[in-house]
Amino acid sequence: MVVSVLAGCAGTPPSGTRDVSSSGGGSAGAREPTYRHVVAADHEIASKAGLEMLRKGGNAVDAAVATSFTLSVVRPYSCGIGGGGFMMIHLKKHPRVSGLPKTVALDYREVAPSWATPNFFETDPARRNNANASIVGAHAVAIPGTVAGLLEALEKFGTLPRETVLAPAIRAAEEGFVVDADYMRAVGSSNVARGTGPEFAEFRSIYLLNGKVKAGDVIRQPAQARALRLISRDGASAFYSGEIGSTIRAVLSSGGATVTAAELAAYRPTELLPLQTIYQGKRVFAFPPPSSGGIVLVQTLGMIDSRRAEFDSFDYDSSAQVHFLTEAFKHSFADRSRFLADPRTTDVPVLALTSQSNIRDLASRIDMNRVQPIESYGSNLPRGSAVAPADSGTSHLSAVDSWGNAVACTETINLQFGSLVVVPGFGFLLNDQMDDFTTRRGKPNAFGLRQDERNLPAPGKQPLSSMSPTIVLSGESESSPVELVVGGSGGPWIITGTLQVLLDCVTYGIPASKAVAQPRIHHQWMPNTLRIEPEIAEILEGSGAQQRTVRAGLEARGQELKLGKSECVIQVIRRSPLQRDRFEAGSDPRKGGKPAGE
Ligand code: GLY
């Protein structure tokens, strides 16, 4: 199979492997489609909702908000109005906003309710012996932020009326969507198996069709349409203090979790300053804490840049390149585990972790011949002790318009179908984001993993997140045009997947639709296992008597491998290298999404 990369890119793919032909129409495949404006979501109906806004003259924010509300309907196990998220917005041109360009990190992650004291899950008599208490049911639910966040984004940075932007979601809820393979994967998840109790009857009725759901069925959600119509008419107050809000409080209260009217009504999104770094002459905007993704991205890109010439000499997907990336991930994920949490309530040493000198030190400790003792990874700063968390049931969308605006937006209800608690009469699911906190000191979470005490719950605190919506400009200056809009779903896999697709597009010149489909690796420091897709592990490198697989090359350096499918799903938009006023777009085939643009 012929492989080509753009001239001037780092490394070269090993021959005889995969097709990563460039936008120029490499001999191995069809030319990459390009668009003047486009949305890439993990469901085609949602991407089309965004395109509908762009066609009406809306901007990337209008498109992202319409796409997100529609995802609440068509990917109800991943995200929704009962959850929270992060939106990175790059505004270049806007009829009302001055001082452009500007880039905003809008944080509408859920916050812990007032009952959520640090010791709650360890000491509450009814929960301390129930490992599922932070995963399903009323005590798994943190105060949702999605409706407040989306409507704030729309009011400040969008251009279209609320009713216009919510219309596609309402239509999708009324008309229904067809159950696909990814939906059935979520139905088969261990989280759904927890939903046998009487308190989950409405979940089973709407989303499992009482246990009979199968691919090809149509799921209609008239109750969620009613909630969306109220939000369309009355705005965020319908959700936080109106009829929807009082029903949320009632269903949580019936499960024993009291959320007061005042604390629900007090929910507000926060505008944060993005983390910024320069990678290969391009400005990168990454999400700050309570996302862990931005710091891990900035550190890992920095470690690559610190050893640039050496990294560029590695062949793509060679054992040397995979070993380097794995060692860099171990350093940055060790820091994630030890240092990161909600910075509003906890001291998070962001500047020390992302300083040039610290990153250079981490990079200098990567030994290309051998792995290091596991405790030795991470920054030499005063630390706690912990291992990394994981989660899933998240959705990412990327959007660009023809004025140069861009949105990278990742949203979640945490595990598949969240807490399995449905808001009666409104049909949407509430999140189980409480499980992203350290709920039990030193004990494994739902994924067999443990987290640091900095991430213990507290009223009003946000749980640490892996969501990593990222925007890259084509130069160092903030006035440079957008080059890449990227992010994904899949717990900590989000961060390593986002970084690898960023490298694919920026460093290796791989077109968007191919970058999202590339096999990937993942290491999160602990457990000390390199997850690798077999397509990489089985690549042959070297020649003659020296020839061996990438797998053998990694094992010779001491890496502990586990072969398997990537659990990360990425959506990316990339400026076309050949038509600089147009974009390529890719929705990860692992979830069956499809971009919509023109
Ligand atoms: N619950 C997914 C995340 O925030 O990382």
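Output the helices (runs of 4 or more DSSP H) that fall wholly within segment 194-271 and possess 1 or more residues being closer than 20 Å to E163 by Cβ, or say none.
222-234, 236-240, 243-254
Picking from E174, E152, which residue would you name as being under 27 Å from P463 (Cα atoms) and part of a helix (DSSP H, G or I)?
After applying the criteria, what remains is E152.
Yes/no matrix, rows are residues, columns are (1) away from the ligand (no atom under 16 Å from the Cβ); (2) outside any strand (DSSP E or B); (3) open to solvent by less than 40 Å² (accessible area, probe 1.4 Å); (4) at pLDDT below 95:
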residue: A46; (1), (2), (3), (4): yes, yes, yes, no
residue: G58; (1), (2), (3), (4): yes, yes, yes, no
residue: D62; (1), (2), (3), (4): yes, yes, yes, no
residue: H90; (1), (2), (3), (4): yes, no, yes, no
residue: V97; (1), (2), (3), (4): yes, yes, yes, no
residue: N129; (1), (2), (3), (4): yes, yes, no, yes
residue: V136; (1), (2), (3), (4): no, yes, yes, no
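All but one of (1) part of a loop (DSSP other than H, G, I, E, B); (2) surrounded by fewer than 24 Cβ atoms within 10 Å (Cβ to Cβ) hold for V104; which doesn't?
(1)
Of a type in the set (K, R) and buried (at least 21 other Cβ atoms within 10 Å of the Cβ) - does that describe any residue in segment 421-442?
no
Are any residues in segment 334-370 assigned to a loop (DSSP other than H, G, I, E, B) and closer than 18 Å to T496 by Cα, and if so, which ones?
Residues satisfying the conditions are L340, I366.
Just the residues that are in contact with a Pro (Cβ under 9 Å, 6 or more places away or on another chain) and either open to solvent by 10 Å² or more (accessible area, probe 1.4 Å) or within 16 Å of the ligand (Cβ to nearest atom) (or both), please, taken from segment 64-80.
G80
Please specify each residue of segment 391-405 satisfying the condition of being within 11 Å of the ligand (Cβ to nearest atom) and either open to solvent by 10 Å² or more (accessible area, probe 1.4 Å) or in a loop (DSSP other than H, G, I, E, B) (or both).
The answer is D391, S392, G393.
When the residues of segment 139-153 are filtered to those that are among the small types (G, A, S) and touching a Leu at 6+ places or on another chain (Cβ under 7 Å), which remaining residue is surrounded by the fewest Cβ atoms within 10 Å (Cβ to Cβ)?
A153
Would you confirm, using the coordinates I've provided, whether A537 is at pLDDT 95 or above and open to solvent by 40 Å² or more (accessible area, probe 1.4 Å)?
Answer is no for this residue.
Just to be sure before I move on: is A215 closer than 22 Å to G418 by Cα and in contact (Cβ under 8 Å) with a residue 40 or more places away in the chain in the structure I sent?
no
Would you mind stating whether E122 is in contact with a helix residue (DSSP H, G or I) (Cβ under 9 Å, 6 or more places away or on another chain), farther than 24 Å from G393 by Cβ, acidic (D, E) and assigned to a helix (DSSP H, G or I)?
no
Taking segment 406-419 only, how many residues are more than 11 Å from the chain's Cα centre (by Cα) and either more than 15 Å from the ligand (Cβ to nearest atom) or charged (D, E, K, R) (or both)?
Adding up the residues that qualify gives 2.
Do you know which residues across segment 335-362 are open to solvent by less than 30 Å² (accessible area, probe 1.4 Å) and of a type in the set (G, A, S)?
S337, A341
Quick grid of which residues meet (1) within 19 Å of the chain's Cα centre (by Cα); (2) crowded, with 21+ Cβ neighbours inside 10 Å:
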position	(1), (2)
S489	yes, yes
P511	no, yes
A517	yes, no
E533	no, no
G544	no, no
G558	no, no
L563	no, no
I573	yes, yes
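What strands (runs of 3 or more DSSP E) completely inside segment 443-558 contain at least 1 residues that are more than 14 Å from the ligand (Cβ to nearest atom), in contact with a strand residue (DSSP E or B) (Cβ under 8 Å, 6 or more places away or on another chain) and without any contact (Cβ under 8 Å) to a residue 60 or more places away in the chain?
530-532
The values are calculated or read from the model by the stated rules, or taken from the named source; none is laboratory data. In this text, all values refer to a predicted model and were calculated from it rather than measured experimentally. When we count neighbours, we look across all protein chains shown, and the Cβ atoms used for this are built from the backbone with ideal geometry, even at glycine. Accessible surface areas use protein heavy atoms only, side chains included; no ligands, DNA or RNA. Shrake-Rupley method; radii C 1.70, N 1.55, O 1.52, S 1.80 Å.
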